[in-house]
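Trainee: Below you will find the structure I want to go over with you.
What follows draws every value from the coordinates through simple rules; no lab data is involved. It should be emphasised that the depicted structure is a prediction, and the values quoted were computed from it without experimental measurement. Cβ: placed from backbone, ideal geometry, glycine included. Neighbour counts: every protein chain shown.
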Amino acid sequence: MSNRAIEKVEIPRKVLYGKNAVEKLPKILEDLKVRRVIICCGRTATKEIVDSRIVPLVSESKTIMEWEVVELSGDVSELPGIAQRMENSKNTILAVGGGSVIDQAQILSSFSGSPYIAIPTNASHDGFASPYIGFLLRYELDKSMKTGKLPRYVPVSPLAIVGDTVLISQAPFTYLAAGVGDLLAKFVAIKDWEMAHRIKGESFDVYAATFGLMTARLVEKDIDLISKDRSERGVRVLIKAHASSGVAMSIAGSSRPASGSEHLISHALDLMTLTHDTFSGAHHGFQTGIASVVMMYFHGGDWKKQKYLLEKVEVPTTLKEIGIDREIFYEAMRLGQTIRDRYTILNTGITRKALDDALDTIEVD
Ligand SMILES: [Zn+2]
C-alpha cells in the first residue's frame, strides 16, 4: 500500500470479557445510549439463554425503550425483510449465539446500517470479533446478490463484544478445542502472507501481522491451562486471542493475518460438502488445525510443534478423524488455490507425490 493512501481501521468500541461479563449489559447499553434493541438468536439453546439471561438484562437498562427477539433460521433470504423493519427505528442488534447467528446478525447490520453487539456463546472461531463472515454463508450470499435478490453486503466490525467466560465455558469442550485449531492456524497464515509479500510484492502490514501472530502465541503459551483446566480460565485466553485476531484483520483491512493456505483448504472442504456424499465436514477449527500441520511442513516450519499443540487439546490430527482421506485432502488443496485471489504456499505447485511424502512423514492419515 502506498504510504500516501488513507487507511481505515474499524474496531469495537467496547470489548468486555470475564466471569459473568453479560451482567454488565445494562451499563453497556446505557453507555452506548442504545434505545431500541433487536435481540438475534438461534432457535434452540441460544433462545433459552436469551429468554432467561439477556431479556431481563436488556429490560433493566435505563435507556432501552423497545426490544424485540428475532429467531434467525440461517436462511439469508429472510434477512432483507428483517433489515427493512429495522431501518427506520435506529436499532442496535444484539447477536447472541455461535458463529452462524453472529454472522447473520452482521449481515443484518450491513443491510440495515444498525450496529451490532456480539455476545458469543462459544469460542470455536474468531467470527464474533471479525468483520468477515463464514465462508459458506458468504458463498451463498454472493450467489443471491448476483441474482439481484439481496442488497449489497459490506463487512462490518461489531460495536462491542461481551465475552461472558462462564456462559461460554458451558459449551462442550470440543468448541474450545476448535477455537484453538482456528487460532494456531495463524502461525501458517502469517507465513503465507510473508511469502506473498516476498514473491508477489503483496503489501504486508507488520503491525497487523504481529498482532495476528500474537494471538497464536497467546494460545501456545497457555496450552496447558486450556487443556487441563477446561474451564473459565481457558475460555478467557481464547476470547482474548479471538478478539485480538479481529483487531488484526481490521488493521490489515483483510483477513490476511488470520487466514492463509490452511483456511483455503478448510473453505474448499466446506464447498466439497455440497458435492461429496461421503464427507459432511468438520468443525472449522478442526479443518484449519489439521491443514495447518500439513502446510507448516511445506513451509519448512515447526510442524511437530503445531501437531503437538493441537494434540494437547484433542483437536483431530488425522485425516480419518475429520472424515476425509488423502484424495479428498489433495482435491481440497487444488480447489483451495482457486477460491480467491490470495497467494499462498498452495500456489507453488505442490504435487500429489509431495503430499504423499509429507503425509507419510508427519503421520496425519
Ligand atoms: Zn478461521
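Trainee: Which length gain, in nm to one decimal place, applies between D365 and V9 when the Cα-Cα distance is subtracted from 0.36 nm times their residue separation? Please list the in-between numbers first.
Mentor: On the way: separation 356, 0.36 × 356 = 128.16 nm, distance 4.16 nm.
In short, 124.0 nm is gained.
Trainee: Just need the relative contact order of the range 14-169 here, percent rounded to a whole number, with Cα pairs under 8 Å and 6+ apart. Don't jump to the answer; show the numbers that get you there.
Mentor: Values: 294 pairs, mean separation 47.0, N = 156.
It comes to 30 percent, rounded to a whole number.
Trainee: Once the Cα atoms of helix 303-312 and of the chain are each reduced to a long axis, what angle between those two axes, in degrees from 0 to 90 to the nearest 10, is obtained?
Mentor: Its long axis makes an angle of about 50 degrees.
Trainee: Something else: Taking a spot 7 Å from the Cα of R326 along the direction of its beta carbon, which residues of the range 276-296 have an amide N less than 19 Å from it?
Mentor: It comes to 290-296, nothing else.
Trainee: Something else about it: Averaging sequence separations of C-alpha pairs under 8 Å and six or more residues apart, then dividing by the length of the range 1-90, give the relative contact order as a whole percent.
Mentor: Answer for the range 1-90 is 32 percent.
Trainee: Could I ask something else about it? May I ask you to derive the relative contact order of the chain, considering only C-alpha pairs under 8 Å and at least 6 residues apart, and to give it as an integer percent?
Mentor: Values: 677 pairs, mean separation 60.7, N = 365.
17 percent.
Trainee: Continuing with this model, one more query. What does the charge add up to near V162, with Lys and Arg as +1, Asp and Glu as -1, over the other residues with Cβ less than 9 Å from its Cβ?
Mentor: Working: positive: K14, K24; negative: D164.
Around V162, the surrounding residues sum to +1.
Trainee: Now for a separate question. Along its principal axes, what span do the Cα atoms of the chain show, with the longest given first and each in whole Å?
Mentor: 64, 48, 48
Trainee: Lys and Arg at +1, Asp and Glu at -1: add these up for the other residues within a Cβ distance under 13 Å of L137 and post the number.
Mentor: On the way: positive: R138, K143; negative: D75, D103, E140, D142, D270.
Around L137, the surrounding residues sum to -3.
Trainee: Taking a cut-off of 13 Å between Cα atoms, list the aspartates and glutamates near K305, but don't count ones fewer than 8 places away on the same chain.
Mentor: E220
Trainee: Starting from 0 in steps of 10 Å, tell me what percent of the Cα-Cα pairs of the range 176-362 lands in each bin.
Mentor: Reading the bins upward from 0: 10, 39, 36, 14, 0.
Trainee: When ranked by the protection proxy of mean other Cβ atoms within 10 Å per residue, highest first, what sequence do the peptides 309-315, 35-41, 178-184, 271-277 form?
Mentor: Details: 309-315: 21.0, 35-41: 22.6, 178-184: 30.6, 271-277: 12.4.
Top to bottom by mean Cβ count within 10 Å: 178-184, 35-41, 309-315, 271-277.
Trainee: Here's something else I'd like to know. Between L225 and E30, what is the spin-label point distance in nm, taking each point 7 Å from the Cα along the Cα→C-beta axis?
Mentor: 3.1 nm
Trainee: At 7 Å along Cα-to-Cβ for each site, give me the label-to-label distance between K200 and E66 in nm.
Mentor: 4.7 nm
Trainee: On a straight-distance basis, which aspartates and glutamates could pair with K24 in a cross-link, Cα separation under 14 angstrom, same-chain partners fewer than 8 positions away excluded?
Mentor: Candidates past the 8-residue exclusion: E60, D164.
Trainee: Could you work out, for the range 35-139, what percent of all Cα-Cα pairs fall into each 10 Å distance bin, beginning at 0 Å and stopping at the bin that holds the largest distance?
Mentor: P(r) for the range 35-139, in whole percents per bin: 16, 51, 30, 3, 0.
Trainee: Against the longest principal axis of the chain, how steep is helix 326-339, in degrees 0 to 90 to the nearest 10, with axes from Cα atoms?
Mentor: Helix 326-339 sits at roughly 60 degrees to that axis.
Trainee: Which part of the range 176-199 falls in the paramagnetic zone of E314, meaning amide N under 15 Å from the point 7 Å along Cα-to-beta-carbon?
Mentor: Under 15 Å, as judged by backbone N against the label point of E314, lie 176-181 of the range 176-199.
Trainee: List every residue whose amide H lies under 5 Å from the amide H of I93, counting only residues 5 or more places away in sequence or on a different chain, with H placed 1.01 Å from N in the peptide plane.
Mentor: Under 5 Å from the amide H of I93: I38, Y116, I117.
Trainee: To the nearest 10 degrees, how steeply does helix 352-362 sit against the main Cα axis of the chain, on a 0 to 90 scale?
Mentor: 80 degrees
Trainee: Please report how far the C-alpha centroid of the range 253-271 lies from that of the range 19-98, rounded to the nearest whole angstrom.
Mentor: 30 Å
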